[in-house]
Amino acid sequence: MTEKRITALDMGDDGALSPETQKYFGICEEKLGLVPNVLKAYAFDDAKLRAFTDMYNDLMLAESSLSKLEREMIAVAVSSVNRCFYCLTAHGAAVRDLSGDPILGELMVMNYRVADLSVRHRAMLDFAVKLTERPAEILEQDRQDLRDAGFSDRDIFDVASVAAFFNMTNRVAAATDMRPNDEYHSMAR
């Protein structure tokens, strides 16, 4: 069986991964049961892969007042605005899994505004979406709305950073026609 393409770009992959990348992919396989295609897409350049994974791991997995579910919700809301097939598929699966609610995961992908969300989550996602759609219009009132919903200034920085990261990755995924792993489609359903 031939391997499905990951992106529309031919990055001259000779199939040889550095020992560090092989080790990292082995950890992914062990923990996730797969190597996410986004990592394979960056594997042509160890420095780019490391920069991507370092930023992702810091924003999405490191200690934060934002829960992992909240960070995944931001990823999905931003990716929904940007219509990023890769991130909606991968991070929609993460929302389904972390929330234990497949319906929430689907609502987040389609339109978070129709989901039954807390005031905190609605404020967080409204901010992330405004930052995605109209960044020049972010005002002090937008930050104050987050504070009023219980977010600290550090939390606001984290919300903005996660939203900004996914705006960047959505654009790389769109530019390269990056395809999600098939396994994501059936996860946590």
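The values are calculated or read from the model by the stated rules, or taken from the named source; none is laboratory data. These numbers were taken from a predicted model, which means no experiment stands behind them. Cβ sites come from the backbone with ideal geometry, for glycine too, and all protein chains shown count toward neighbours. Ligands, DNA and RNA are stripped out before the accessible areas are found, and what is left, the full protein with its side chains, is counted by its heavy atoms. Shrake-Rupley method; radii C 1.70, N 1.55, O 1.52, S 1.80 Å.
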Quick check: the distance between the Cα centres of the stretch 108-157 and the stretch 25-97, to the nearest angstrom?
20
Cα centre as origin, Lys/Arg/Asp/Glu Cβ charges: the chain dipole, Debye:
320
Under 10 Å, Cα contacts only: if you run a Gaussian network model on the chain, which one of L34, L66, L88 comes out with the highest mean-square fluctuation?
L34
Extended-chain gain in nm, criterion 0.36 nm per residue less alpha-carbon gap, K48 and D116:
20.7 nm
Over all directions, the chain yields a Cα convex hull whose mean projected area in nm² is 11.3
Could you please state how large a percent of the accessible area of the stretch 38-189 is carbon and sulfur, counting protein chains only and using a 1.4 Å probe?
55
Could you give me the ³J(HN,Hα) list for the stretch 29-35, computed from phi with Karplus coefficients 6.51, -1.76, 1.60 and θ = phi - 60°, whole Hz, x at Gly and Pro?
4, 5, 7, 9, x, 6, 9
Any idea which of L49, S64, A8 is furthest toward the positive side of the dipole for the chain, if Lys and Arg beta-carbons carry +1 and Asp and Glu beta-carbons -1?
A8
Accessible area per residue, Å², the stretch 107-189 with all protein chains present, probe 1.4 Å:
53
Between N57 and L32, the two model label points (7 Å from Cα along the beta-carbon direction) sit apart by a distance in nm of 1.3
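Counting heavy atoms of the protein chains only and a 1.4 Å probe, report the per residue accessible area for the stretch 1-69 as a whole number of Å².
In whole numbers, the stretch 1-69 has 69 Å² accessible per residue.
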When the chain is treated as a Gaussian network with springs between alpha carbons less than 10 Å apart, the largest mean-square fluctuation among A62, A93, A174 is found at A62
